[in-house]
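Worksheet: the structure to be examined is printed underneath.
The values are calculated or read from the model by the stated rules, or taken from the named source; none is laboratory data. All values reported here derive from a predicted model rather than from experimental measurement. Cβ: placed from backbone, ideal geometry, glycine included. Neighbour counts: every protein chain shown. Side chains are part of the model used for accessible areas, which takes the heavy atoms of the whole protein and leaves out ligands, DNA and RNA. Shrake-Rupley method; radii C 1.70, N 1.55, O 1.52, S 1.80 Å.
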Amino acid sequence: MYRFLLTPRWWGINVFVLLSIPFCIFMGSWQLGRFEDRVQDHRTATEQVADAKSEAPRPLKDMLPVTKATSGKLVTASGRYGKQLLVPGRELDGRQGFYVLALLRTASGEALPVVRGWLPGTAGTARVPAPPAGEVTVTGALQASETPGDNGVSAQGGLPAGQTAAISAASLVNLVPYDVYDAWVTLSKGDAGMKAVPAAAPPDSGLDLKAFQNLGYTAEWFAFVGFVIFMWFRLLRREGESVRDAELGLVTGEEPVVVDAAAK
């Protein structure tokens with residue numbers, strides 16, 4: 001009854017099934033591996049940020065450019081505070097507020113964005129402490145420039161003067177008349193009574209949307225394996241039933257003629 005499996009049509013179906021199953025398993029395993037790598041990266045980054053708090057701070061120039069290995073590490077830098085900006089729409093401990101960002105002009109001529117701390121409320125109506133005058137030395141966790149639209153960073157434009165949506169050289173260079181480091185620092189202790197902003201994990205190392213996309217793709221590929229097997233068995237059963245009905249004479253091969261009684 002299953003001699004039809006040797007026909008060219010079924011040879012094509014069988015080859016497709018035999019090739020698609022291992023391919024789907026491979027792709028599902030690859031996506032699962034990507035998710036596991038991101039989980040491990042997140043664990044490593046979290047441990048790195050925690051361990052950095054007990055390490056001695058190092059000069060800023062020794063830790064640039066910012067990489068996964070240097071992100072979250074304590075650094076020191078000296079200079080004079082220049083322009084101060086506010087970063088609205090930042091949540092901390094479940095409350096809405098904003099960052100207070102000041103640009104530290106260093107001896108190199110470049111300015112280092114320094115998050116002095118976080119305050120609750122709305123940036124446009126808050127009273128913000130002015131940055132210290134004169135030469136200062138800051139200590140804080142090194143962070144990579146933010147990308148608008150990623151990890152909760154607002155991509156909003158048209159903000160009032162004195163505000164910026166993202167802490168990045170690309171955004172800040174349009175707001176100040178001097179060069180800006182492609183990095184920023186969050187102070188270990190909040191300045192002037194403000195709450196310190198904790199260091200974040202390096203980019204592409206957290207359990208973000210991309211990580212759960214990998215997990216979703218894993219489920220889709222393995223589900224497709226089950227779908228291919230199900231459809232193969234369904235076609236096999238359907239074809240087998242058709243052959244059996246033909247052998248029993250239940251299929252005549254001629255379609256019945258339908259007579260319209262109204263035409264008589």
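Consider Ser54 carefully, then state whether it is over 21 Å from Gln213 (Cα atoms), open to solvent by 40 Å² or more (accessible area, probe 1.4 Å) and without any contact (Cβ under 8 Å) to a residue 12 or more places away in the chain. So Ser54 fits the description; yes.
Step by step: first the residues of region 1-26, then only those that are of a type in the set (Ser, Thr, Tyr) and farther than 19 Å from Phe224 by Cβ, then the one that is modelled with the highest pLDDT. Which residue is that? Out of the qualifying residues, it is Thr7. Report whether or not Leu119 is over 23 Å from Met63 (Cβ atoms) and either among the charged types (D, E, K, R) or modelled with pLDDT of 90 or more (or both). Spelling it out, Leu119 is indeed over 23 Å from Met63 (Cβ atoms) and either among the charged types (D, E, K, R) or modelled with pLDDT of 90 or more (or both).
Selection of first residues in region 66-95 that are touching a residue at least 40 places away in the same chain (Cβ under 8 Å) and of second residues that are surrounded by fewer than 17 Cβ atoms within 10 Å (Cβ to Cβ) and among the aromatic types (Phe, Trp, Tyr), restricted to Cβ pairs under 9 Å at least 6 apart or on distinct chains, gives the following pairs, ordered by first then second residue: Gly82/Tyr178. The single condition among (1) in contact with a Ser or Thr (Cβ under 9 Å, 6 or more places away or on another chain); (2) loosely packed, with under 14 Cβ neighbours inside 10 Å that Gly28 does not satisfy is (2).
Checking each residue in region 60-106 for being over 20 Å from Met194 (Cβ atoms) and open to solvent by 30 Å² or more (accessible area, probe 1.4 Å) picks out Lys61, Asp62, Leu64, Pro65, Val66, Thr67, Lys68, Ala69, Lys73, Ser78, Arg105. Among the residues of region 27-38, some residue qualifies, meaning at least one is over 30 Å from Phe230 (Cα atoms), within 26 Å of the chain's Cα centre (by Cα) and not aromatic (Phe, Trp, Tyr).
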